[in-house]
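Working notes for the structure below.
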Amino acid sequence: MKVFAQFVAAATDVSHFPAPGPPEIAFLGRSNVGKSSVINSLLGNKVARTSSTPGRTRGINFYAIRWPGRPRPDLFFTDLPGYGYAKVARELSAGWHKFIEPYLKQRPNLALCISLVDPNIPPQPGDQQLCEFLRGIGRPHVVVATKADRVSSNQLQPSLQRLKEALGTESILTYSARTGQGRDALWKQIRKCTGAQEPDPETTAPPADPYGDASRPS
């Protein structure tokens, strides 16, 4: 499935948010859990910047996503700051109340929250708190275990079971940005929650991409 993506804005204040429009999908998780890699894997393009330094994302990054042949975005991906990294914990704590919590609680077109967790490590308090928070405010969310290719098959299932028990969820989707495992399943969840449908390739002739290079500007 081919999509076009464009970086739109980085918001560190509610006033910086783009005007509500198409459905938005929020990606949340600990620093270094691989949020940007998952986003790039879904889009098939390196739109979201990846970094070896945890905690580099300090604002909410908005990406417009559209199918070929569509003149306007069908949905938005939002990449939220990671949590759980000591050097930026205080700054993100302040940011949580300033713009992250208002986004999660009040954004009218937020259709789905994707909580990313690492099956290579034990369940983390921050992940538990996030899932409890999302349930408490009634936000639809799905838990995705990233970097699944780094866990052996005989270790993965026990790890997923521990995560299910700790996070209070019955289902966790496994994902690997490197191999593409789980990509189709996650897109299915996104389409289900947003109602976004791909155009019929037999009836829609894609025009030239007005966004040009889909990479985020440097």
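The values are calculated or read from the model by the stated rules, or taken from the named source; none is laboratory data. Everything numeric here is computed off the predicted structure, so don't read it as measured data. Counting neighbours? That spans all protein chains shown, and the Cβs are built from the backbone with ideal geometry, glycine included.
Here is how the numbers come out for the structure above:
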quantity	calculated
Residue match in the range 83-103 (condition: at pLDDT 95 or above, surrounded by 17 or more Cβ atoms within 10 Å (Cβ to Cβ) and in a strand (DSSP E or B))	no
Residue check, E202 more than 30 Å from G136 (Cβ to Cβ) and either touching an Asp or Glu at 6+ places or on another chain (Cβ under 8 Å) or modelled with pLDDT of 50 or more (or both)	no
Odd one out for I172 among (1) modelled with pLDDT under 95; (2) farther than 16 Å from L43 by Cβ	(1)
Unique match (being crowded, with 16+ Cβ neighbours inside 10 Å, in contact with a strand residue (DSSP E or B) (Cβ under 7 Å, 6 or more places away or on another chain) and on the phi < 0 side of the Ramachandran plot) among A26, A10	A26
Condition met for S159 (surrounded by 18 or more Cβ atoms within 10 Å (Cβ to Cβ), of a type in the set (S, T, Y) and part of a helix (DSSP H, G or I))	yes
Failed criterion for F7 (all others in (1) under 15 Å from the mean Cα position of the chain (by Cα); (2) within 21 Å of E101 (Cα to Cα); (3) of a type in the set (F, W, Y) hold)	(2)
Matching entry among I121, I114 (being outside any helix (DSSP H, G or I), closer than 23 Å to S31 by Cα and out of contact with any helix residue (DSSP H, G or I) (no Cβ under 8 Å at 6 or more places or on another chain))	I121
So L116, is it buried (at least 21 other Cβ atoms within 10 Å of the Cβ) and aliphatic (A, V, I, L, M)	yes
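For every residue, the table says whether it meets (1) touching a helix residue (DSSP H, G or I) at 6+ places or on another chain (Cβ under 7 Å); (2) polar (S, T, N, Q).
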site: N109; (1), (2): no, yes
site: H141; (1), (2): yes, no
site: V151; (1), (2): yes, no
site: P158; (1), (2): no, no
site: L186; (1), (2): yes, no
